[in-house]
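Take a look at the structure set out below.
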Amino acid sequence: MDTRIQFRVDEETKRLAQIMAESQGRTLSDACRELTEELAEQQRKIMTHDQWLTEEVNAAFSKLESGQSKFVSHEEANLDMEARKMKIRNKAKK
């Protein structure tokens, strides 16, 4: 089912927007619809990422609670990260 969106703008804004839309071979309604669809797609991506992140955090806490986590010192984490960065840099050079 489609829904209708209404909003108000001043005449000059509407006139200029219509001119721009028409110069692109679109109607003002088309341009507004496309913008609305783009905004909705951006929100879908955010929601998908947020869901993924929540699942990852929950999995990490489950691992912690079940005793499967391995803790490392700050120094060890830094060394591991530097090794990973070096590996990536070396791949990029090839």
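The values are calculated or read from the model by the stated rules, or taken from the named source; none is laboratory data. Note that this is a predicted model, so its numbers are computed, not measured. Quick note on the areas: whole protein, heavy atoms, side chains included, nothing else; ligands and nucleic acids left out. Shrake-Rupley method; radii C 1.70, N 1.55, O 1.52, S 1.80 Å.
Might you work out the accessible area of Arg89 for me, using a 1.4 Å probe with all protein chains in place, and round it to the nearest 10 Å²?
Answer for Arg89: close to 120 Å² accessible.
Would you grab the residues whose amide H sits under 5 Å from the one on Arg26? Only those 5+ places off in sequence or on another chain, please, with H modelled 1.01 Å from N.
none
So what is Rg over Rh here for the chain, counting just Cα atoms and using Kirkwood for Rh?
1.31
Ordered by residue, what ³J(HN,Hα) values in Hz, to whole numbers, does the stretch 40-45 give under the Karplus form 6.51 cos²θ - 1.76 cosθ + 1.60, where θ = phi - 60° and Gly and Pro are x?
For the stretch 40-45, the Karplus curve yields 5, 5, 4, 5, 4, 4 Hz.
Output wanted: per-residue J couplings in Hz (rounded whole) for the stretch 3-8, from phi through Karplus 6.51 cos²θ - 1.76 cosθ + 1.60, θ = phi - 60°, x for Gly and Pro.
Values per residue, Gly and Pro as x: 10, 10, 10, 10, 8, 10 Hz.
With n ≥ 4 as the cut-off for DSSP H runs, can you work out [θ] at 222 nm for the chain, using -39500 (n - 2.57) per run divided by the number of residues, rounded to the nearest 500?
Helix-only estimate at 222 nm: -26500 deg cm²/dmol.
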